[in-house]
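The values are calculated or read from the model by the stated rules, or taken from the named source; none is laboratory data. In this text, all values refer to a predicted model and were calculated from it rather than measured experimentally. Note that each Cβ is placed from the backbone with ideal geometry, even for glycine, and that neighbours are counted across all protein chains shown. Quick note on the areas: whole protein, heavy atoms, side chains included, nothing else; ligands and nucleic acids left out. Shrake-Rupley method; radii C 1.70, N 1.55, O 1.52, S 1.80 Å.
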Amino acid sequence: MPKKKRFKSNAPQFAYDRYVGTDPKLEAAFEEELAAADIACQIYKLRTQAKLSQRQLAVRVGTTASVICRLEDSDYEGHSLSMLRRIGAALGRDVRIVFATPGRRRATA
């Protein structure tokens, strides 16, 4: 059975096939990393669209710029729902959680 193509270009598909393959544990870890990177990217995009610095957003949220910096880091995995709601409120956005079928990612910003 041919492998399902996950990426539009060949290089990331090759890396995925080589290092993740069909190992369920590696696939789950990969999905978790994608989710963390997606959250970080969304926070960054919303902040920059609002033309705010990390320090300015931190003041609105009631935290420090280093916390905002950490939340925008794709390697950070400690996003709390309460902090995401505070950031959403500061940026005039709602936070929505979607329970999706595994393997069907839906990015929103």
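Okay, here's what the table says:
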| quantity | calculated |
| --- | --- |
| In the stretch 39-56, residue farthest from VAL67 (Cα to Cα) [restricted to those that are open to solvent by less than 100 Å² (accessible area, probe 1.4 Å) and more than 12 Å from the chain's Cα centre (by Cα)] | ALA50 |
| The stretch 75-94: number of residues that are more than 20 Å from GLN56 (Cβ to Cβ) and of a type in the set (A, V, I, L, M) | 1 |
| Residue ID - surrounded by the fewest Cβ atoms within 10 Å (Cβ to Cβ), chosen from residues in the stretch 14-38 that are assigned to a loop (DSSP other than H, G, I, E, B) and out of contact with any Leu (no Cβ under 8 Å at 6 or more places or on another chain) | THR22 |
| Condition met for GLU72 (surrounded by fewer than 15 Cβ atoms within 10 Å (Cβ to Cβ) and among the acidic types (Asp, Glu)) | no |
| Boolean, ALA11 is surrounded by 13 or more Cβ atoms within 10 Å (Cβ to Cβ) and among the small types (Gly, Ala, Ser) | no |
| Residue match in the stretch 75-86 (condition: open to solvent by 70 Å² or more (accessible area, probe 1.4 Å), without any contact (Cβ under 8 Å) to a residue 40 or more places away in the chain and among the small types (Gly, Ala, Ser)) | yes |
| Residue list for the stretch 1-38, restricted to those being of a type in the set (A, V, I, L, M, F, W, C) and within 30 Å of VAL67 (Cα to Cα) | LEU26, ALA28, ALA29, PHE30, LEU34, ALA35, ALA36, ALA37 |
